[in-house]
Amino acid sequence: MILNVEAVTKGFTGRRENKMIANDNISLHIDEGEIYGLLGQNGAGKTTLVNQILGLITPDSGDIQLLGKSVLQSPERARSICSVQPQSQVPLGFLTPKQAVTLIGKMRAGKKFDPKRVEMLFEALDMGEWANKEGEKLSGGAKRLTAFCMAVIAPGKLVILDEPTNDVDPVRRRYLWQVIRNLTNDGTSVILVTHNVLEAEKAVDRVAIINKGRILTQGTPLEVKSSVSNQMRIELSLASELDIEIPSWALSSYKNGSRLFFAIDPQEVTATIEWAKRQVDKGLIMDYSLSPATIEDAYIELTSKKAVGL
Ligand SMILES: Nc1ncnc2c1ncn2[C@@H]1O[C@H](COP(=O)(O)OP(=O)(O)OP(=O)(O)O)[C@@H](O)[C@H]1O
């Protein structure tokens, strides 16, 4: 086992001495060569957990072990075992991607650093056109890919990637997942922190859904999806930002800008299509589509206020 998080709780004291619990009794473990997804909305507590794994902040209670030793006792060791791609963009200044990645490679691997690995990474991610361009002049996606290369040029036993595909085009996203998979084939484990549930479903071996500091469920994508495997989902494009009345038979719902999703029982498909047609006739929605439930629906059902049983 690479990582073992045992009953970790971490709170922060606010301005009025109110304590908010960012991580509430979190337990998980990650095995060698595993890609583990941490899914959760803004403020769910993902970064707080990652910062504790890295020994940057200390849990109020519980323990975190990396390769069998407590991070609390040797936080510096944690930083040598883990390599990280942070959520925020890494400031490259005048450095080119090639210079920045080479620098980190030399710092982490010392004499074992192999400059050919930089070329291999840039080739695998089709980054040749940016390799020698000044960092600050790069696009957001090229900067993000450079930060990814910096995290994996000399990877620790555990690589932590926070939204690595943000701003990256779909073709290079695929290359990036291939590079990650190759890393795990060499025994490296990966924590993928993301809001992008569908992307995570394809990429991870196991996943945890975190909400308000708690793990609501964890398992393989198939296991996590099993709670909704007998449901259908409907996706609507709303004609305006105005709310529309969701049918009473919707099992859970979620709105993202002008897109509205809800889950239904397959028996309600006909009623739902008729309902959707009426909304189109009234000009409230532009179009709609029906499909089998995905891991995103499991996520919505677990985290939405209108979830079954709440
Ligand atoms: N240093 C801090 N002081 C006070 N509150 C904090 C601190 N760090 C995090 N929090 C709070 O803890 C909660 C969890 O934050 P965290 O950054 O871990 O969430 P997250 O899941 O990583 O969110 P995002 O996806 O937006 O990055 C939030 O309510 C946040 O405001």
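The values are calculated or read from the model by the stated rules, or taken from the named source; none is laboratory data. In this text, all values refer to a predicted model and were calculated from it rather than measured experimentally. When we count neighbours, we look across all protein chains shown, and the Cβ atoms used for this are built from the backbone with ideal geometry, even at glycine. Heavy atoms of the whole protein, side chains included, go into the accessibility calculation; ligands, DNA and RNA do not. Shrake-Rupley method; radii C 1.70, N 1.55, O 1.52, S 1.80 Å.
Some points to look at:
- Fraction of accessible area attributable to carbon and sulfur, the stretch 153-216 (%, probe 1.4 Å): 46
- Stokes-Einstein diffusion for the stretch 229-303, with the hydrodynamic radius set to the Kirkwood value over Cα pairs and evaluated at 25 °C in a medium of 0.890 mPa s, equals 199 µm²/s.
- Selected from ALA271, LEU302, ASN42, residue furthest toward positive end of dipole (the chain; charges at beta carbon): ASN42
- Note on the stretch 106-247: Lys pairs 8 or more places apart or on different chains, Cα atoms under 22 Å apart, count 12.
- Percent of C-alpha pairs per 10 Å bin, the stretch 42-162, short to long: 13, 39, 30, 15, 2
- Dipole size of the stretch 127-255 about its Cα centre, with +1 on Lys/Arg Cβ and -1 on Asp/Glu Cβ: approximately 360 debye, rounded to the nearest 20.
- Potential extension, ALA109-SER70 segment - 0.36 nm per residue separation minus Cα distance: 11.7 nm
- Using C-alpha pairs below 8 Å separated by at least 6 residues, the relative contact order for the chain is 19 percent.
- Directionally averaged projected area (convex hull, Cα atoms, the chain), nm²: 18.8
- In this structure TYR288 has an accessible area near 70 Å², from a 1.4 Å probe over the protein heavy atoms.
- Accessible surface ranking that places the most exposed of ASP63, ASP287 first, with a 1.4 angstrom probe: ASP287, ASP63
- Rounded accessible area per residue of the stretch 45-123, 1.4 Å, Å²: 56
- The chymotrypsin sites (Phe, Trp or Tyr not before Pro) of the stretch 241-278 that meet both conditions, a loop assignment by DSSP and at most 16 other Cβ atoms within 10 Å of the site Cβ, are TRP249.
- Average accessible area per residue (Å²) across the stretch 229-303 - probe 1.4 Å, nucleic acids and ligands excluded: 52
- Loop trypsin sites (Lys or Arg not before Pro), the stretch 1-41 (other Cβ atoms within 10 Å of the site Cβ: 10 or fewer; DSSP): ARG15, ARG16
- The distance from the alpha carbon centre of the stretch 133-185 to that of the stretch 243-303 is 35 Å, rounded to a whole number.
- For the stretch 222-234, backbone phi angles converted through the Karplus equation (6.51, -1.76, 1.60; θ = phi - 60°) give residue-by-residue couplings of 5, 5, 5, 6, 4, 5, 10, 5, 9, 10, 10, 10, 10 Hz, Gly and Pro being listed as x.
- Once exposed loop GluC sites (Glu not before Pro) are cut out (DSSP; at most 11 other Cβ, 10 Å), longest piece of the chain: 18-240
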